[in-house]
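Every read-out reported here was derived from the displayed coordinates using simple, explicitly stated rules and does not represent laboratory data. It should be emphasised that the depicted structure is a prediction, and the values quoted were computed from it without experimental measurement. Heads up, the Cβs are rebuilt from the backbone with ideal geometry, glycines too, and the neighbour counts pull from every protein chain shown.
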Amino acid sequence: MSSAASSFSALFIAALAATTLLRIWLGLRHVSHVARNREAVPAAFREVIGLDAHQKAADYTVARVRLGLFDVAVGALLVAWFTVGGGLQSVFDGWSGLLEPGGYTHSLAFIGTVSVIGFVVGLPFLLWRTFVIEERFGFNKMTVGLFIADLLKETLLAVLIGAPLLAAVLWLMAHMGSLWWLYVWLFWLGFNLLVLLIYPSFIAPLFNKFSPLSDDSLRQRIEALLARCGFRSSGLFVMDGSKRSAHGNAYFTGFGAAKRIVFFDTLLAKLSPLEIEAVLAHELGHYKHHHVWQRLGAMGLASLAFLALLGYLIQQPWFFHGLGMSTEGTAAALVLFMIAIPVFVFPLSPLMSAWSRKHEFQADAYAARQTRPDDLASALVKLYRDNAATLTPDPLYSSFHDSHPPAAARIAHLQVALDHPAATAAHA
């Protein structure tokens, strides 16, 4: 191994150890902070959330984070085995005895096998999270049969869509010269826009049933809100989220003429019409502030930068050798890059979290202007309570992991809007 490869290998091992220890330390901080605050509901919520609900949220959070700590540790060991442990090279060599090395079939088999190994290692954590933790706290509605059916559908989609997509990327990498990364980026952007267009009508219905919103009074209220906000959609739909989980949500999907608004049936069962309108106004705030397009733009620029970086690394033998592969090539470079990049970028998570939280505050402020601030506040309190979301996250852990502001901060901002005359002038 060259000195450059040895140096990069040492750097990668140090980064993997540092990132893993940081994630575990943050998780332990979070567990300790939530447990210390378990016995008392924060003052701002004492009149609306009981101690039992608060303690349930604390216990649920602790259980999920503790499982996550084991997941992080096992994941780090898997990354180490794949790379400096020679696991990827072993998988590559194993297929080389059956298929021509460097061919498309060999490359797809190699990448597919690595993906399957990663899934199998993570499967026990997924099963425990779903059928033990979610079950224990009353959220799981998933049956074993439905879990297996979902898994088969996801596998079929991965083969039918993922394999041709990956083959196209490998072809571009091999035939587009030194600027292949630019062509791959353009192709990737086009594919993502296509997915946004076809997902609501062709992919999502494979997993859930979507029915038009049947509550006439609620539909009229929502349509009036949409007209007031200048938002056009292809329909209002209710999704049978209750067949998998008791958690509630609402979201937009698609773009252009294919935009549709989707409510979980669990959300409609828990909130009043005024609260549902306020939650939707929050989502419309993201639309009015162009947050979706801003995030897509940021993701596009980041993917371009990463692909350009890969375009450089693929030409460097030390990149392959330093990560445990003696074989160089496009498939090996793709897999190594996808495994290595998260190790180095995790410390940047607070930057994206801060940007996302700014968007959430802007969307809340928009909702407070279009509906009554107290309706959104009461809806948020119900969602925090019914989803067992902790009211007392560790601030440092939250800055790395939470895209939404803590409950107390959101409610405080809404209280300011409620107390400000301009916030409710349009609804007087």
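List every residue whose amide H lies under 5 Å from the amide H of S245, counting only residues 5 or more places away in sequence or on a different chain, with H placed 1.01 Å from N in the peptide plane.
For S245, whose amide H was placed from the backbone, the distant partners under 5 Å are K141.
Put a dot 7 Å past each Cα toward the Cβ at S303 and F207; how far apart are the dots in nm?
According to this spin-label approximation, the distance is 1.8 nm.
Quote to one decimal, in nm, the extra length available between M1 and A224 on full extension: 0.36 nm per residue of separation minus the C-alpha distance between them.
73.5 nm
Can you give me the angle between helix 104-128 and the longest principal axis of the chain, using Cα atoms only, in degrees from 0 to 90, rounded to the nearest 10?
Between the helix axis and the principal axis of the chain, the angle is about 40 degrees.
Pairs of Cα atoms under 8 Å, at least six residues apart: use those to get the relative contact order of the chain, whole percent. Walk me through the intermediate numbers first.
Details: 484 pairs, mean separation 100.1, N = 428.
Relative CO of the chain lands at 23 percent.
Sticking with the crude label model, points 7 Å out along Cα→Cβ, report the distance from W355 to R295 in nm, one decimal please.
Result: 1.2 nm between the two label points.
Once R0 is set to 51 Å, what does the formula 1/(1 + (r/R0)^6) return for the Cβ-Cβ distance between A149 and F344, expressed as a FRET efficiency to the nearest 0.05? Kindly include the intermediate steps, with their values, before the conclusion.
On the way: r = 37 Å, r/R0 = 0.73.
In this case the efficiency is close to 0.85.
Work through the residues other than K56 whose Cβ is under 12 Å from its Cβ and net out their charges, Lys, Arg +1 and Asp, Glu -1. Write out the running numbers ahead of the final one.
On the way: positive: R38, R136, R385; negative: D52, D59, D386.
Combined, the nearby Lys, Arg, Asp and Glu give 0.
In a shell of Cβ-Cβ distance under 10 Å around G68, excluding G68 itself, what net charge do Lys and Arg (+1) and Asp and Glu (-1) give?
That sum, taken over residues with Cβ under 10 Å, equals +3.
For helix 216-229, what angle does its Cα long axis make with the longest principal axis of the chain, in degrees from 0 to 90 and rounded to 10?
70
Step by step: find N for the range 208-268, compute 2.2 N^0.38 Å, then divide the Cα radius of gyration by it. What's the final number?
1.12
Could you give the distance between the Cα centres of the range 102-179 and the range 361-417, to the whole Å?
33
In this model, which of K209/K259; K270/K382; K288/K382 are farther than 19 Å apart at the alpha-carbon?
K288/K382
Scaled to the compact-protein estimate 2.2 N^0.38 Å, what is the alpha-carbon radius of gyration of the chain, rounded to two decimal places?
Output field value: 1.09.
Once you've got the GNM for the chain with C-alpha springs shorter than 10 Å, pick whichever of A109, A149, A331 has the biggest mean-square fluctuation.
Highest fluctuation among the options: A149.
Could you sort 76-88, 47-59, 338-350, 373-385 so that the peptide with the highest average Cβ count within 10 Å comes first and the rest follow in order? Walk me through the intermediate numbers first.
Details: 76-88: 18.5, 47-59: 16.5, 338-350: 15.0, 373-385: 21.5.
So the peptides 76-88, 47-59, 338-350, 373-385, ranked by packing, come out 373-385, 76-88, 47-59, 338-350.
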